Amino acid sequence: MENSISQKNYVYFAVMKFVSDKTKQFLVLLIKILVVGFALYFIYHQLSNDKAVDFKVLIPMINDPKNIWYLLSVLLLTFANRFIEILKWQNLAAVVQKISLAESTKQVLSALTLGLFTPNGIGEYAGKVLYFPRKDAGQILFLNVICNGTQVIYGITFGAIGALSLHFIYQITSNQVIGMIMGVIAMVLLLIYTLRNVTIKGYSLRWLMTEIRKIPMEIHRKNLFLSFLRYLALMHQYIILYRLFGVDLPYYELLCSISFIYLLASSLPNFQFLEFAIKGSIALYIFSLLGVNAWIVALVAALIWFLNIVIPVLIGSYFVLRFRLKR
């Protein structure tokens, strides 16, 4: 009798586990389809409604032999932009576990796809966590903050230099406004230094710096170097596209303008599928002061969005569909 009951219980729990696993698989599949479906919809919707992407203008430029080096350079920098990001993540992920270049590619592009619908790409953080055991979730989030944080540091530093340079060359605003901005930056830095020991739920800036120092210096050096290369690749994508469309501003002035625009756009909360619109709007204002045609600015912003977001998201969608939840 007891054996019979025991067998029934075993069968019951086996069936329940089977149903639970099947339900989980179904939900994961549904989520993957929804993520990829929304990604493809947003891309299609944007490209079909974006008047800046005029293929009638692009086709003659693509077919012109004189532009071959511009086009090859843009494609090379587009590849470099994401490839360097993949190398960065492979380098940082080694703190938890070493991953191959192929695995890093899968994680980065999948996370980019998941981050398409979230403000400032927050979904990217969760996307990478899914590829690691739950016990490492906190560490992976922390490493992702470092990965993106170094890009932010370069963006702020060179963006501020670009803004000051533009001000001295073109007087884009008054000295009082520049003074106020510098004052605000100084106050923020002073506030950060003053509050470094303030603890919130066991965390503080001093704790953060301690955790950062626990990571081997070799990994930090490589991360900083790769972040700098990636920033250069992105800035020169813009420069080459503007040159392709006939913008003949001096190199340094063009670089300062782009770095300033990138700083302003990155400071605003936005969704990745709207990134081209945010950066395009800011670029229109800045470049209008420098005499650059509005249609060129809008077209470059749309092309950068297509090259750096659309293409990687399409590849990332494949990895999302093949993703399997860790047990």
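Glu218 fulfils the conditions (1) more than 25 Å from Leu92 (Cα to Cα); (2) charged (D, E, K, R); (3) modelled with pLDDT of 75 or more except for a single criterion, (1).
When you look at Leu143, is it open to solvent by 70 Å² or more (accessible area, probe 1.4 Å), touching a residue at least 24 places away in the same chain (Cβ under 8 Å) and over 30 Å from Ile286 (Cα atoms), yes or no? Don't jump to the end; show me each part of the working.
Working: open to solvent by 70 Å² or more (accessible area, probe 1.4 Å): no; touching a residue at least 24 places away in the same chain (Cβ under 8 Å): yes; over 30 Å from Ile286 (Cα atoms): yes.
So Leu143 does not fit the description; no.
Residues that are touching a Leu at 6+ places or on another chain (Cβ under 6 Å) and over 23 Å from Val297 (Cβ atoms) within the range 224-256 comprise just one, Leu226.
Report yes if Ile169 is surrounded by 11 or more Cβ atoms within 10 Å (Cβ to Cβ), modelled with pLDDT of 90 or more and among the aliphatic types (A, V, I, L, M), otherwise no.
Spelling it out, it is not the case that Ile169 is surrounded by 11 or more Cβ atoms within 10 Å (Cβ to Cβ), modelled with pLDDT of 90 or more and among the aliphatic types (A, V, I, L, M).
Taken together, Tyr252, Tyr238 contain a single residue that is open to solvent by less than 80 Å² (accessible area, probe 1.4 Å) and modelled with pLDDT of 90 or more, which is Tyr238.
Filtering the range 107-128 to residues that are surrounded by fewer than 21 Cβ atoms within 10 Å (Cβ to Cβ) and either of a type in the set (Val, Ile, Thr) or at pLDDT 90 or above (or both) leaves Thr118, Ile122.
Tally the residues that are farther than 21 Å from Ile161 by Cα and at pLDDT 80 or above, restricting the search to the range 257-295. Within the range 257-295, residues that are farther than 21 Å from Ile161 by Cα and at pLDDT 80 or above number 0.
Look at (1) assigned to a helix (DSSP H, G or I); (2) surrounded by 15 or more Cβ atoms within 10 Å (Cβ to Cβ) and you find that Tyr131 fails only one, number (1). Screening Gly159 against (1) over 25 Å from Leu255 (Cα atoms); (2) within 26 Å of the chain's Cα centre (by Cα); (3) at pLDDT 75 or above leaves a single unmet condition, (1).
The values are calculated or read from the model by the stated rules, or taken from the named source; none is laboratory data. Keep in mind it's a predicted model, so treat the numbers as computed, not measured. Every residue, glycine among them, receives a Cβ derived from its backbone with ideal geometry; neighbour counts consider all protein chains shown. When the accessible area is computed, the model is the full protein with side chains, heavy atoms only, and any ligands, DNA or RNA have been set aside. Shrake-Rupley method; radii C 1.70, N 1.55, O 1.52, S 1.80 Å.
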